[in-house]
Structures are given as structure tokens and as C-alpha cells.
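The values are calculated or read from the model by the stated rules, or taken from the named source; none is laboratory data. Worth saying up front: this structure is predicted, and the values here are computed from it rather than measured. Backbone-built Cβ (ideal geometry, glycine too); neighbour counts: all protein chains shown.
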Amino acid sequence: MASGLLVYPFGLTSATVKKFCENSSIYNAGDCQIGWGYMLAIVGVMLSVFLPFFAKYAPKDNENHFLKNIYSLDEIYG
């Protein structure tokens with residue numbers, strides 16, 4: 001998806017796009033608007049790249065908290 005987002009502006013120089021969006025170039029969409037979809041896709045790619053690093057280095061004080069609760073219920077009702 002990231003490569004598609006990087007290549008997308010190069011399509012603004014094609015003859016078909018120039019016919020509909022006059023004066024379009026790589027850095028200028030001309031009379032057309034790129035819209036929120038492209039911007040949200042960029043944000044989505046950035047989040048999918050950076051959030052795994054945040055999860056890897058997050059503090060893990062209570063990582064077995066759920067399992068401890070299950071085992072304590074087994075001892076009580078078991």
C-alpha cells in the first residue's frame with residue numbers, strides 16, 4: 001500500500017488525467033482535488049509502521065494478569 005501511495009502522484013501527469021484536471025502535474029492536482037481518502041491512507045500506513053514498535057517497547061507489567069485470574073478461579077472452583 002505504501003508503494004501505491006508513493007506512485008499515485010505520478011499518474012497526475014497522464015494524458016487522461018490532464019484531460020479532466022487541467023494543468024495537473026506531479027506536485028499539483030490541477031482543477032481536481034485529491035480528497036481525504038489519500039490523506040487517510042497515508043496516516044493508516046504510518047500507523048501500521050510505527051505502532052508495532054510502540055507495542056514492542058511498551059511496559060509489560062501485567063502481561064500474565066489475565067492468566068493468573070483464570071488459574072485462581074480454577075483453584076477456587078476446581
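A few points about this structure:
- Test: residue in region 22-32 that is at pLDDT 85 or above, under 19 Å from Leu5 (Cβ atoms) and under 23 Å from the mean Cα position of the chain (by Cα): yes
- Boolean, Leu47 is out of contact with any strand residue (DSSP E or B) (no Cβ under 6 Å at 6 or more places or on another chain), modelled with pLDDT of 85 or more and on the phi < 0 side of the Ramachandran plot: yes
- Given (1) at negative phi; (2) modelled with pLDDT under 90, number of the condition Ala41 does not satisfy: (2)
- Close contacts from region 1-15, counting a first residue that is under 11 Å from Asn28 (Cα atoms) and a second that is part of a helix (DSSP H, G or I), with Cβ to Cβ under 9 Å and a gap of 6+ residues or different chains, come to Leu12/Lys18.
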